[in-house]
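Following: one structure in structure tokens, then a few remarks.
The values are calculated or read from the model by the stated rules, or taken from the named source; none is laboratory data. Keep in mind that this is a model prediction, so the values were computed, not measured. Counting neighbours? That spans all protein chains shown, and the Cβs are built from the backbone with ideal geometry, glycine included.
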Amino acid sequence: MNTPHKGFNHVLDEIDRMIKNDGLKSGDKLPSERHLSELLNISRSSIREALRALEILGVIETRRGEGTYLSDMDNNQFFELIGGYLITSRAQTGEIKDFIHMIESSVTIEAHKTIEECINAQNTIMFRVWKLLKRYEATYNEKA
């Protein structure tokens, strides 16, 4: 059977994968304990322990009768928590390298989001300017 440390790491990895690949964001519902257990091939009790630890860290929130949700925290807070865990747990070099890679990937994703947001804002402004020019042109043509 998997050790609690290994189960905790698998649950962290899966939540991180869902954030990166599935678009999971703050406030979204996590899969059930049963689904995570089947997905990760870890006992439900290990899943429950990992989820409790994540709840104590503030990464997730359990709502009685509703399920488990990703807490309202930004990537910096999430990485700070996981980074602290890696340091205090005397993580192996490979785990720390994986964590650094995860941070680098997140920074790249956030940079792309920022660029896209700037382009969208620029397009919105350009469209407004175009509409104003059309109004001006229509007004000018009426007076001529």
>> Regarding the stretch 15-34, can at least one residue be identified that is over 12 Å from the mean Cα position of the chain (by Cα), among the charged types (D, E, K, R) and buried (at least 16 other Cβ atoms within 10 Å of the Cβ)?
In response: yes
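Each row is one residue, and each column tells you yes or no for (1) at pLDDT 75 or above; (2) in a helix (DSSP H, G or I); (3) touching a His at 6+ places or on another chain (Cβ under 6 Å).
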{"position": "Gly65", "(1), (2), (3)": "yes, no, no"}
{"position": "Tyr69", "(1), (2), (3)": "yes, no, no"}
{"position": "Phe79", "(1), (2), (3)": "no, yes, no"}
{"position": "Tyr85", "(1), (2), (3)": "no, yes, no"}
{"position": "Met102", "(1), (2), (3)": "no, yes, no"}
{"position": "Ser106", "(1), (2), (3)": "no, yes, no"}
{"position": "Lys113", "(1), (2), (3)": "no, yes, no"}
{"position": "Trp130", "(1), (2), (3)": "yes, yes, no"}
> Among the numbered criteria (1) surrounded by fewer than 16 Cβ atoms within 10 Å (Cβ to Cβ); (2) under 15 Å from Asp13 (Cβ atoms); (3) at pLDDT 80 or above, which single criterion is violated by Gln92?
Replying inline: (3)
>> Pairs please, first residue from the stretch 110-135 and farther than 23 Å from Asn21 by Cβ, second anywhere and outside any helix (DSSP H, G or I), Cβ atoms under 7 Å, 6+ apart in sequence or on different chains.
In response: none
>> Which residue is surrounded by the most Cβ atoms within 10 Å (Cβ to Cβ), if the candidates are limited to the stretch 35-63 and must be among the aliphatic types (A, V, I, L, M) and not in a helix (DSSP H, G or I)?
In response: Ile42
